[in-house]
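Peer 1: Starting off with a structure, shown below.
The values are calculated or read from the model by the stated rules, or taken from the named source; none is laboratory data. Only a predicted model underlies this, so the values are computations on that prediction, with no experimental measurement involved. Quick reminder, even Gly has a Cβ in these numbers, built from the backbone with ideal geometry, and neighbours come from all protein chains shown.
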Amino acid sequence: MSTTLSIEHLTIGLPQGADRPFAVEDVSMSIEKGEILCVVGESGSGKSMTANALMGLLPPGVSVKAGRAMFEARDVLRLPEAEKQALRGASTAMIFQEPMTALNPLMRIGDQIAEVFAAHDRFTQSERREKALALIREVQLPDPEKIIRAYPFQLSGGQRQRAMIAMALALEPKLLIADEPTTALDVTTQAQILKLILDLREKRGMAVMFITHDFGVVAEIADRVIVMREGRVVERGAAAEVLGNPQHEYTKRLLDAIPTGTLPDARQLSATPALEIKGLRKIYRTGGGLFKPVREVRAVDDVSLTVARGEVLGLVGESGSGKSTLGRTAVRLVTPDGGQVLVGGTDLAALSDEDLRKQRHKVQMVFQDPYASLNPRQRIMGAITDGPITRGIPRKEAEARARELLEIVGLGADAASRFPHEFSGGQRQRIGIARALAMDPELIIADEAVSALDVSIQAQVLDLLRELREKLELSILFITHDLRVAAQLCDRIAVMQKGKLVEIGTVHEIFLSPQQDYTRQLLAAVPGADWEQQRTASA
Amino acid sequence: MSMWKRFSSNIGAMVGVLLLLTVIFIAIFAPLLFSHDPWQMVQRPFLAPFTMQALPLGTDTLGRDVAAQLAYGARVSLLVGLVSTLVALLIGVPLGALAGFYGGYVDEGAMRFTEFFQTIPNFALAIVLVAIFEPTLASITLAIAIVSWPPVARLVRAEVMSVRKREFVDAATLAGLSKPRILVRQVLPNTVSPIIVMASLMVATAILLESSLSFLGLGDPNAMSWGYMIGAARTVIRSSWWLSFFPGIAIVITVLALNLIGEGLNDALNPHLSRKGKA
Amino acid sequence: MTALIATLSRVVKAAATLLAIAVLNFFLLHAAPGDPAVVLAGEAGAADEQMIEQLRERFGLDQPFYVQLGKYVGGIVQGDLGYSFRQGAPVIDLIAERLPATLLLTLTAFVISLSCGIALGVAAAARVGKVSDSLLTTLALLFYATPLYWLALMAVLVFSVWLGWLPGFGYETVGSAYSGFARALDILKHLILPALTLGLFFMAVYMRMTRASMLEVSTADFVKTAKAKGLSGPVIRRRHILRNAILPVVTLAGLQAGQLVGGAVLTETVFAWPGIGRLMFESLAARDYNTILGVFLVSAAMVILFNIVTDIVYRIVDPRIGARS
């Protein structure tokens, strides 16, 4: 094998006023021909900066301070701009995280692919079209003749990422840099894209630098692994070695923090229901103007389920499955078109607005986005006590309780007098949990409550929820797209697809003997599923 | 804190503040700076500027002190600009907030109404209103407010719609707060920055509108204004250019100052543009 | 099909807007202080008792309010904008005679300001932070703060009175017997100053907007993709940034059309340009309300026309409109 790229002692400086002087400090790595190197790290580890530096795409103010990157016997960091440009798209190519925004919305897919040839002065007009068609076929997009004329908004997220890959492969680059290319995709789509990248590597023998935060993905595709933290490499080695026998503390912590397939012991569940959903339906209608036809989407289609007192029920599904709509309907942020939502005997779905307001405290929610779920102009105390005070609890009492709850979620009582921007994402999720608890709810709905967090923070919040479940006998409807997370915390799991409830059962039933095809598909798509099984077995 | 720091480190904005303070100072102390009335004849007509120390900017067609007229004109410009902007906010903010927050038919109705007013050429409507209701400071101010509120309503609606979608509003709903309370206490405070920026730019536009109306002879006949001065001197521009020139400069300086302040506020309140450099 | 439906709903909306303005006009006439009949006659001095009686009858001023409204709006629908006693002619004829001059002026100003504004905005964005960018943005800021009519006056003073390069008055040389090409050239010479002064303010507006929009779009993900493909800076700017950046500018241009048409009143007044704006100014002194309101209605119709044009442009640039059903 020959070395495609070798980075030596790379240091990248951040502009003044940033939280640290260097984005990347003294980083070395090399990638062999035909090899997939995974660069793993949490947000702020410098993994994306390294990739951008190689492509000459560093944002303004950020610059390479030291080191070199040898590619085709040249230091790509020091090339004149014109030569860097000639290299980009031809010898090195890159795909990005957000397929929704990475394509020009006003240009046809075919033109965007053909543009790569034009940029490097290759082929004639008609040849370019033929080549684009061939590429679209190669990345297995359906109906290439149609796709070539389509605009990005007419494609799904997975299809756009395929189009991006087609574009990147156009001139048969020797090095493909993939920056979290599957993070924004559903698990089943992610599995397909990972397989596509593996296949293409096989066929073309290119080197791939694959950046990710997900060790599951690493287990799926990596030959070798580099773990980065705060701009430095903390561990490197063959994939099996790093995953199976991590040496550095940080790697161990990261691996431990990954929700494993280890199934918790089954608990005895109470017979009293905290939440009963019966025949719930929600239909969204779009269009329907003067001349537009009405389109119907059955977001929740005749779903019935029960959450027992003290139980954590996981609600799992891909985007568009209706799981979030179900959650929002259960707290009546969305009014259902039919069916019942019974909480402690009251049908929330049938209440008038005024009665509903008095019953709101019974079901509370913990939200997904830690940065949007707190009012930036309101102190934490206000955020937590607004509800209880509206309910008629005296201010003094509500404030005392708020301080107590802030202690319980591990922030300390003095957090109350501060504003949201003073807290990190994980801390904000704790505040969100305290806010929900302050209402003494019979049920908490957690809507992707840990999805936006880094793995190690995710693990801490999950620990907190587990602890609260024991201490306070909480009933939780835990909505997530991530089966691994659900397995960690939940007693039972419900699987949704296209608005329908596909399957519901205990965690053991769902994981060990799934009854439905779709559930099996989901389980198979979980990245690193095989590896986790080995891990669980050896543990 | 850092907002003021960002604002005060913006040279353009500070120049704007300085210019505006000067204009405000002159407007407030006009009676002290000039012993005579701006309507009073003090010298022979058409006295060229820089010829008499007591009358640095010369006299107009009726022998009135141009400098004094400028000082008193500043009062009208600032007053009309400020009050009409406040009135426009009083119309636009509630309308936009209700449309953006409640959506549905409320939004549909409010936006049709706003679009209608936006389609009407605003200066032409202002002319019609002032012409029909007789030119007074009150009618001019009201007319300017009536033609200026639609952009406010659109801005507030868009802001409210984006804030409304954020999860803390759902949290407030789940806390059992009433809708009006959520709108006033949770949503509106988060829309204040862009409204402030727009308001500062609206004062500038209002001053331009007022001067244009006065130029056409639709000013309050009892108030000296810059637009009136230019309009009255229009026919003698060949012989006495300075009569049109100085009031125009006064308008440019005042409007420019307000625009500079508005831009400075925009940069200081929406720092995402300056933050881009960081990783 | 979708384009047809969009056009159709556009036309319906435009008709509704004009109808609403007609109703507004009616209320404005009645809100004016004094006897509506006298108001209608204007202070032309020509309004004798008999004429006022005639007016009362014609507009049904002794009849219930809604009948009056119906008669007034019905008249407007049939193209009857009332009679100007001051000028001794139907308002619609006065406007029809003057409209071409205004259309020529506003369209020229619109095209100049939009094309030059976008071009300068692109140029400034490409040189962001450099001296030429600062110079352009400062100039734009200055024109943005300058009253239109004052700029027009100063232009007359400098280019017409002092330098004598261009005519500063009227639509064509009075008393000349030019025809054909010579006449067109003569009109063009007269058009330059009014169109430029009317357009400069809006050019500043569009330039600032284009610059800001270009800078914002240049941070979009797809621009990074374009760079990663190996495209050169100019190609990225032209093919990827500009097309996306221009959309908000087109929207703004549509919204600003009203101001442009309103601004024509000032420009035409200064340059004695024989358009409907000048007609409005002349009617102000005479309190010829019928003519004022007629011009008002027609200028609103012009704004709607401008809006339809920008709407078509937007549809051409953005494939998502229309395709999204």
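Peer 1: Looking only at the stretch B:113-138, filter to residues that are out of contact with any helix residue (DSSP H, G or I) (no Cβ under 8 Å at 6 or more places or on another chain) and more than 10 Å from every other protein chain (Cβ to nearest Cβ); which one of those is nearest to B:LEU155 (Cα to Cα)?
Peer 2: Looking at residues that are out of contact with any helix residue (DSSP H, G or I) (no Cβ under 8 Å at 6 or more places or on another chain) and more than 10 Å from every other protein chain (Cβ to nearest Cβ), I get B:ALA138.
Peer 1: Let me ask something else. Name the single residue, out of those in the stretch A:333-385 being within 12 Å of chain B (Cβ to nearest Cβ), of a type in the set (Val, Ile, Thr) and touching a strand residue (DSSP E or B) at 6+ places or on another chain (Cβ under 8 Å), that is nearest to A:ARG428 (Cα to Cα).
Peer 2: This residue is A:VAL366.
Peer 1: Residues that are of a type outside the set (Ser, Thr, Tyr) and within 14 Å of chain B (Cβ to nearest Cβ): which helices (runs of 4 or more DSSP H) entirely in the stretch C:228-325 hold 3 or more of them? Give the derivation first.
Peer 2: On the way: elements: C:243-271, C:276-286, C:289-317, C:320-323.
Those helices (runs of 4 or more DSSP H) span C:243-271, C:276-286, C:289-317.
Peer 1: Which of the helices (runs of 4 or more DSSP H) contained wholly in the stretch A:66-184 include at least 1 residues that are closer than 17 Å to A:ALA207 by Cβ and not assigned by TED's automatic domain parsing to the domain that holds A:LEU10?
Peer 2: Those helices (runs of 4 or more DSSP H) span A:157-169.
Peer 1: Could you say whether any residue in the stretch A:135-154 is over 26 Å from A:GLY41 (Cβ atoms) and of a type in the set (Ser, Thr, Tyr)?
Peer 2: yes
Peer 1: A:ASP26 is checked against (1) in contact with a Gly (Cβ under 9 Å, 6 or more places away or on another chain); (2) within 14 Å of another protein chain (Cβ to nearest Cβ) and fails just one. What number does that condition carry?
Peer 2: The number of the failed condition is (2).
Peer 1: Looking at B:ALA71, B:ALA99, which is the one that is within 24 Å of B:THR191 (Cα to Cα), small (Gly, Ala, Ser) and crowded, with 21+ Cβ neighbours inside 10 Å?
Peer 2: Result: B:ALA99 is the single residue among B:ALA71, B:ALA99 that is within 24 Å of B:THR191 (Cα to Cα), small (Gly, Ala, Ser) and crowded, with 21+ Cβ neighbours inside 10 Å.
Peer 1: Also, quick follow-up: Can you go through A:ARG469, A:ARG484, A:ARG492 and tell me which one is under 22 Å from the mean Cα position of the chain (by Cα) and not assigned by TED's automatic domain parsing to the domain that holds A:ALA222?
Peer 2: Among A:ARG469, A:ARG484, A:ARG492, only A:ARG484 is under 22 Å from the mean Cα position of the chain (by Cα) and not assigned by TED's automatic domain parsing to the domain that holds A:ALA222.
Peer 1: While we're on this one: Find all pairs meeting these conditions: Cβ atoms under 6 angstrom apart; at least six residues apart or on different chains; first residue within the stretch B:172-192 and at positive phi and within 9 Å of chain A (Cβ to nearest Cβ); second residue surrounded by fewer than 21 Cβ atoms within 10 Å (Cβ to Cβ) and among the small types (Gly, Ala, Ser).
Peer 2: That search, which allows pairs on different chains as well, returns nothing.
Peer 1: Take B:ALA110 and tell me if it is surrounded by fewer than 23 Cβ atoms within 10 Å (Cβ to Cβ), away from chain C (no Cβ under 14 Å) and at pLDDT below 90. Steps first, please.
Peer 2: Numbers: surrounded by fewer than 23 Cβ atoms within 10 Å (Cβ to Cβ): yes; away from chain C (no Cβ under 14 Å): yes; at pLDDT below 90: no.
The answer is no for B:ALA110.
Peer 1: If you go through the stretch A:404-440, how many residues are more than 14 Å from chain B (Cβ to nearest Cβ) and acidic (Asp, Glu)?
Peer 2: Residues meeting the conditions: 3.
Peer 1: Does any residue in the stretch C:76-91 that is closer than 12 Å to C:ILE292 by Cβ come within less than 6 Å, Cβ to Cβ, of a residue that is not in a helix (DSSP H, G or I) six or more places away or on a different chain, and which pairs are these?
Peer 2: What qualifies is C:SER84/C:ASP288; C:ARG86/C:GLY42; C:ARG86/C:ALA44; C:ARG86/C:ASP288; C:VAL91/C:LEU81; C:VAL91/C:GLY82; C:VAL91/C:SER84.
Peer 1: Among the residues of the stretch B:139-152, how many are within 13 Å of chain C (Cβ to nearest Cβ) and touching a residue at least 12 places away in the same chain (Cβ under 8 Å)?
Peer 2: The total comes to 8.
Peer 1: Quick check on the stretch B:33-82: of everything there that is β-branched (Val, Ile, Thr) and under 26 Å from B:LEU20 (Cβ atoms), which residue is farthest from the chain's Cα centre (by Cα)?
Peer 2: Start the filter on the stretch B:33-82 by keeping residues that are β-branched (Val, Ile, Thr), which leaves B:42, B:51, B:59, B:61, B:66, B:76, B:80.
This time we only want the ones that are under 26 Å from B:LEU20 (Cβ atoms), so: B:66, B:76, B:80.
Working: B:VAL66: 24, B:VAL76: 12, B:VAL80: 8 Å.
Looking at residues that are β-branched (Val, Ile, Thr) and under 26 Å from B:LEU20 (Cβ atoms), I get B:VAL66.
Peer 1: If the Cβ limit is 8 Å and pairs must be 6+ apart or interchain, which residue in the stretch B:21-39 that is over 14 Å from B:SER225 (Cα atoms) pairs with which residue that is modelled with pLDDT under 80 and in a loop (DSSP other than H, G, I, E, B)?
Peer 2: B:HIS36/B:VAL42
Peer 1: Out of A:VAL366, A:VAL297, which single residue is under 27 Å from the mean Cα position of the chain (by Cα) and surrounded by fewer than 20 Cβ atoms within 10 Å (Cβ to Cβ)?
Peer 2: A:VAL297
Peer 1: Identify, please: which residue in the stretch A:85-109 is in contact with a helix residue (DSSP H, G or I) (Cβ under 8 Å, 6 or more places away or on another chain) and more than 9 Å from chain C (Cβ to nearest Cβ) and is, among those, surrounded by the most Cβ atoms within 10 Å (Cβ to Cβ)?
Peer 2: Top of the filtered list is A:ILE109.
Peer 1: Looking only at strands (runs of 3 or more DSSP E) that lie completely in the stretch A:287-362, which have at least 1 residues being more than 21 Å from A:ARG492 (Cβ to Cβ) and of a type outside the set (Asp, Glu)? Break it down stepwise before answering.
Peer 2: Details: elements: A:294-308, A:312-316, A:338-343.
Strands (runs of 3 or more DSSP E) meeting the threshold: A:294-308, A:338-343.
Peer 1: Now a separate question. Please go through the stretch C:103-128 and give me each residue that is in contact with a Leu (Cβ under 9 Å, 6 or more places away or on another chain) and surrounded by 22 or more Cβ atoms within 10 Å (Cβ to Cβ), ordered by number.
Peer 2: C:LEU105, C:THR106, C:ALA109, C:PHE110, C:SER113, C:ILE118, C:GLY121, C:ALA124, C:ALA125
Peer 1: May I pose another question? Output the number of residues of the stretch B:227-271 satisfying the condition of being β-branched (Val, Ile, Thr), more than 14 Å from C:TYR144 (Cα to Cα) and within 10 Å of chain C (Cβ to nearest Cβ).
Peer 2: So the count comes out to 2.
Peer 1: Looking at (1) more than 17 Å from B:ALA171 (Cα to Cα); (2) touching an Asp or Glu at 6+ places or on another chain (Cβ under 9 Å), find the lone condition where A:GLY432 falls short.
Peer 2: The one condition A:GLY432 does not meet is (1).
Peer 1: I've got another one for you. Determine which member of the set B:VAL128, B:VAL163 is farther than 24 Å from C:GLY262 by Cβ, without any contact (Cβ under 8 Å) to a residue 60 or more places away in the chain, of a type in the set (Val, Ile, Thr) and crowded, with 20+ Cβ neighbours inside 10 Å.
Peer 2: B:VAL163
Peer 1: Give the residues of the stretch C:67-118 that are of a type in the set (Lys, Arg) and either under 18 Å from C:THR310 (Cα atoms) or more than 22 Å from the chain's Cα centre (by Cα) (or both), sorted by residue number.
Peer 2: C:LYS71, C:ARG86
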